[in-house]
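Data first, discussion second: the structure below is written as structure tokens.
The values are calculated or read from the model by the stated rules, or taken from the named source; none is laboratory data. All values derive from a computational prediction rather than experimental measurement. When we count neighbours, we look across all protein chains shown, and the Cβ atoms used for this are built from the backbone with ideal geometry, even at glycine.
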Amino acid sequence: MTCAGLHVLLYRKNNADADRTFFPDILGFRAIDVGDGWLIFRTPLYFMCDDLRATTESLAARNM
């Protein structure tokens with residue numbers, strides 16, 4: 001099974017306030033304010049596999 005993560009830093013020096021409102025208001029991402037105007041957004045989490053049946057059987061065999 002392959003795992004992937006996401007870490008992205010978006011920074012715009014000339015209009016950070018617009019960015020702070022775009023992600024929650026337009027995209028609907030929920031944010032946590034970590035101070036000094038820096039926000040951490042929760043993005044959708046997806047798990048992908050090449051063979052759903054095999055992955056499901058593998059997880060079931062391990063009681064997961």
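Numbers for the structure displayed
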| quantity | calculated |
| --- | --- |
| Unmet requirement for residue 23, which otherwise passes all of (1) of a type outside the set (Lys, Arg); (2) touching a strand residue (DSSP E or B) at 6+ places or on another chain (Cβ under 9 Å); (3) modelled with pLDDT of 85 or more | (3) |
| Extreme residue, farthest from residue 57 (Cα to Cα), among residues of the range 33-45 that are surrounded by 10 or more Cβ atoms within 10 Å (Cβ to Cβ) and modelled with pLDDT of 75 or more | 37 |
